[in-house]
Each structure stands twice: as structure tokens, then as C-alpha cells.
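Contents: one structure, followed by commentary.
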Amino acid sequence: MNQPLSLVLAGGGTAGHVNPLLAVAAELRRRYPSARLTALGTATGVEAELVPAAGLDLRYIPRVPLPRRPSADLVTLPTRFNAAVKDVARIIQEVGAQGIVGFGGYVATPAYLAARKLRLPLIIHEQNTRPGLANRVGARWASVVATTFAHTPLPGAQQVGLPLRAPIEELAAANAAGRGRAARWAAAAAVGIDPELATLLVTGGSLGAQSINEAVAGSVHRLVREGQVVHVTGRGKTEAALRARSMLDAALRDRYVVIEYAHNMDQLFALADMVLTRAGAGMVCELAALGLPAVYVPLPIGNGEQARNAHDVVAAGGGVLVNDADLTASWLEDNAIPLWQSPDRLANMRTAARSVGALDATKTLTDLIVKAIVRQ
Ligand SMILES: CC(=O)N[C@H]1[C@@H](OP(=O)(O)OP(=O)(O)OC[C@H]2O[C@@H](n3ccc(=O)[nH]c3=O)[C@H](O)[C@@H]2O)O[C@H](CO)[C@@H](O)[C@@H]1O
């Protein structure tokens, strides 16, 4: 490459959509310290917080969702959409971008169209087993179509896995090398909990899940008799957990840690013996790479999308699947506690989870991006 690398990275919405973008940006920055990396996002997505926090330049473009039913919005859609494409094209030209890397979502569609208009290489990554609309459209003219999972139906797709953030890759490497215990003690000191107690991590993904929160709140008096629970509830969703915590015996209350949103998931993963979670692509891939046994409770909407995300790791024996409707306090007491308290079963699950976890996705996707730019 003669001129310094400049790329526009498009992806936004939830942390599940933004984190792979951040992982790839960090790897590009590591390889090309003088690269100009510009992320595109909307002001309402979580990217508005996460992208600047990662030290990356973020440019806003208007959010142009497709109306779900006929309305006045539909009439103005083409004008608003074309304006968004023009905005992106202006940003591309201003930063001298040599290519666009897209991770799907609202922000991606105008970026993909701008790439086509300006004849720039487009590299797409689809996180989920079922591709979203933006990536289905963009894949038609993309130079590279990469996916997390093997059977994602996109033309010309190659599976690379899901790019994971560096602290999670480092913890996965530590776990694989048998250094997980040291990481656990360091994380316990940082979080302020006992490293010796069996630890259950609960999370509903980046947005939190009310049904998981309620089932855990309803059974926490039993759970804390067996070990400790770190419960990440999601923003604005602490109420049930805090109420349940206030009703615990004072002597056991410290065994129930309630966190609204975690900025240090790698530390919480380092502490966990088992995880109760939604099955967003991010959580599934992180837990598999880390070799963490999990009970997956897929989000009960979207054509079974999240159940598909968890399919491979569950089929391998690294996780257990439970329907959202079946997840109750008594289900946890009858099923999750015995599993959590069975070191042999957890050891088998750790090996099985790791067997399907991919650790090199960030590097592989970055290689593909660089190759596509050099080729142009
Ligand atoms: C409701 C919804 O739209 N869900 C989608 C969303 O889920 P969601 O945004 O929950 O995404 P994922 O499970 O993919 O990833 C969550 C990410 O957030 C991190 N994390 C989570 C909680 C927290 O407190 N702190 C934190 O850092 C996790 O470590 C992980 O990296 O994007 C995923 C990836 O496209 C999809 O598969 C999900 O179907």
C-alpha cells in the first residue's frame, strides 16, 4: 500500500453488533498504527458510547429504518435514504477511504450503497446464523463476504468465526494454556469477590433479559446457598434483582452481586464456573472460545435466530438450551443448580465448548480486509 490505510467501518445498534467492529479496528490499529479508521453509527445506537470509548473516530449518519407498515414515512423513505447514502459518500471522500468494512444493521445499508457508487472494495461480516437485510443486499456486490457460522446462507460466504475483543482472546488463550486459575484470582480481587466459591454468571446479553432476571431473582435464595451469583441485569433492569437481594439473609447477601451493565465482561468471564445467558452471537462465540459451560435461553423472537446461534455449541455438549417460556425459578433449582454443582459435568462441557470455539477470527478477517484493499 503506497498511501496510509484509510477505512470506513460500518456497524451499530447493540453491543453485539459493535464489538466485532471494535475488535477488527484494534487489530488494524495494531498492524498499521498510522491507519485512518472511521466508524459510522447512529446517535441512538450503543456505538455512540462504545466507539469513542475505544478511541475510534465516529461519524453519525441519520437512522433510516424501513417502516414496518404503510405510513407517511414510506413516502419520504427514498429521499431520506438517498440523503444518508450521500452523507456516507461525503465522509468516504473526506477521509480518503480505500474500502468499506460492514457488520450489518441500519448504518450498513447506506454505506454499502455508497461503496458501490464509488466502486470501492466492500468487505462484509455477518455475525448471525441468519443474515440481516443489509448484509443480504450488500453481499451482491461485496468483494469479501465473511460469516461467523458455517451455514449462514449468503452467496460466496466464507466462515471466519466472530472477531472477539483482545481481552477475551487473551483470557481464552490463558484458559487453553491452563492459566485460568491465575486469571480468576486476579479478577476476583478486582471485582471484590471470593475466588474459591462456585460462581454463576448471569447475563441477558447487552440489553439484559427480564425473564432471566425474574427467574434468577426467584431462586437466588437457593443459589447463594451453593455458591455466589454475579448477575448483570441490563440497563434499567435491576429492580427484581435488587429486591431479591434485599430479602436475602444478611450473612449471604454478599454472595449476590448485582451489576447493571458490565464494562469488564472478561473479568466476569474469568470468575465464572457456569453462565446463564441469552444466545446472541457474541455471547455464544465468546463462551465457546473461553470454554465456559452455559445454559442458553434464546430470545423467543426472530424465527429461532438465537437458538440457531447456540446450535453448534449445544450439539457438541458445551451448553444446554432452555426455552424462555420454560425458564422459571424452579427450573433453575431442579436443573441449573445440579449442573453448576457437578465438577465432572462442567469439565466435560468446558472441553466440548472449546472444541467449537474459534480464536483467530479477528486476525483472519483483518487479513481478508487488507488483501481486498491491496488487490483493488
Ligand atoms: C435483542 C437483540 O437485538 N439481540 C441481538 C444482539 O444481541 P446482543 O447485543 O445481546 O449481542 P451478543 O450476545 O452478540 O453480544 C453481547 C456483547 O455485549 C457484551 N456485554 C454484554 C453485557 C454487558 O453488560 N456488557 C458487555 O460488554 C458481551 O460480552 C458481548 O460481547 O446482537 C447479536 C449479534 O448480532 C444477535 O445475535 C442478537 O440476537
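The values are calculated or read from the model by the stated rules, or taken from the named source; none is laboratory data. Model, not experiment: these values are computed from the prediction. Cβ atoms come from the backbone with ideal geometry, glycine included; neighbour counts cover every protein chain shown. These accessible areas exclude ligands, DNA and RNA; they are computed on the full protein's heavy atoms, side chains included. Shrake-Rupley method; radii C 1.70, N 1.55, O 1.52, S 1.80 Å.
Please verify whether the range 324-336 includes one or more residues that are part of a strand (DSSP E or B), of a type in the set (A, V, I, L, M, F, W, C) and more than 16 Å from the ligand (Cβ to nearest atom).
No - not one qualifying residue is present in the range 324-336.
Could you please let me know if residue 8 is under 16 Å from residue 167 (Cβ atoms), open to solvent by less than 10 Å² (accessible area, probe 1.4 Å) and β-branched (Val, Ile, Thr)?
In short, no.
What's the number of the only condition in (1) in contact with a strand residue (DSSP E or B) (Cβ under 6 Å, 6 or more places away or on another chain); (2) modelled with pLDDT under 95; (3) not acidic (Asp, Glu) that residue 45 fails to meet?
Condition not satisfied by residue 45: (1).
Could you check the range 253-271 and list, in sequence order, the residues that are touching a Lys or Arg at 6+ places or on another chain (Cβ under 9 Å) and open to solvent by less than 20 Å² (accessible area, probe 1.4 Å)?
256, 270, 271
Could you list all residues from the range 10-38 that are touching a residue at least 40 places away in the same chain (Cβ under 8 Å), more than 15 Å from the ligand (Cβ to nearest atom) and in contact with a strand residue (DSSP E or B) (Cβ under 8 Å, 6 or more places away or on another chain)?
Of everything in the range 10-38, those that are touching a residue at least 40 places away in the same chain (Cβ under 8 Å), more than 15 Å from the ligand (Cβ to nearest atom) and in contact with a strand residue (DSSP E or B) (Cβ under 8 Å, 6 or more places away or on another chain) turn out to be 28, 36, 38.
Does the range 305-314 hold any residues that are surrounded by fewer than 23 Cβ atoms within 10 Å (Cβ to Cβ) and within 11 Å of the ligand (Cβ to nearest atom), and which are they?
305, 307, 308
Determine if the range 185-196 includes at least one residue that is within 13 Å of the ligand (Cβ to nearest atom) and open to solvent by less than 10 Å² (accessible area, probe 1.4 Å).
No: zero hits.
Considering only the range 39-69, state which residues are closer than 13 Å to residue 106 by Cα and free of Cβ contacts under 8 Å to residues at least 24 places away in the same chain.
43, 44, 60, 67
Is at least one residue of the range 241-252 surrounded by 19 or more Cβ atoms within 10 Å (Cβ to Cβ), touching a residue at least 24 places away in the same chain (Cβ under 8 Å), within 25 Å of residue 318 (Cα to Cα) and of a type outside the set (Phe, Trp, Tyr)? Don't jump to the end; show me each part of the working.
From the range 241-252, those surrounded by 19 or more Cβ atoms within 10 Å (Cβ to Cβ) are 241, 244-245; that's our starting set.
From what is left, the residues that are touching a residue at least 24 places away in the same chain (Cβ under 8 Å) are 241, 244-245.
With within 25 Å of residue 318 (Cα to Cα) added as a condition, the list becomes none.
No; the residues of the range 241-252 include none that is surrounded by 19 or more Cβ atoms within 10 Å (Cβ to Cβ), touching a residue at least 24 places away in the same chain (Cβ under 8 Å), within 25 Å of residue 318 (Cα to Cα) and of a type outside the set (Phe, Trp, Tyr).
So residue 360 ticks every box in (1) surrounded by fewer than 21 Cβ atoms within 10 Å (Cβ to Cβ); (2) under 25 Å from residue 148 (Cβ atoms); (3) more than 16 Å from the ligand (Cβ to nearest atom); (4) at pLDDT 95 or above but one. Which box is left unticked?
Of everything listed in (1) surrounded by fewer than 21 Cβ atoms within 10 Å (Cβ to Cβ); (2) under 25 Å from residue 148 (Cβ atoms); (3) more than 16 Å from the ligand (Cβ to nearest atom); (4) at pLDDT 95 or above, residue 360 misses just condition (4).
Yes/no matrix, rows are residues, columns are (1) in contact with a helix residue (DSSP H, G or I) (Cβ under 9 Å, 6 or more places away or on another chain); (2) closer than 24 Å to residue 197 by Cα; (3) without any contact (Cβ under 8 Å) to a residue 24 or more places away in the chain:
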site: 282; (1), (2), (3): yes, no, no
site: 317; (1), (2), (3): yes, no, no
site: 325; (1), (2), (3): yes, no, no
site: 344; (1), (2), (3): no, yes, yes
site: 372; (1), (2), (3): no, no, no
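Count, please, the residues in the range 272-286 that happen to be under 20 Å from residue 18 (Cβ atoms) and open to solvent by 10 Å² or more (accessible area, probe 1.4 Å). It would help to see each step written out before you state the result.
Within the range 272-286, the first condition is being under 20 Å from residue 18 (Cβ atoms), and the residues that meet it are 277-286.
Those left that are additionally open to solvent by 10 Å² or more (accessible area, probe 1.4 Å): 278, 280, 282-283, 285-286.
Count: 6.
Filter the range 170-179 for residues that are under 22 Å from the mean Cα position of the chain (by Cα) and away from the ligand (no atom under 13 Å from the Cβ); which is surrounded by the most Cβ atoms within 10 Å (Cβ to Cβ)?
Within the range 170-179, the first condition is being under 22 Å from the mean Cα position of the chain (by Cα), and the residues that meet it are 170-176.
Still in the list and also away from the ligand (no atom under 13 Å from the Cβ): 170, 173-176.
Values: 170: 13, 173: 13, 174: 18, 175: 22, 176: 15.
Filtering first and then ranking leaves 175.
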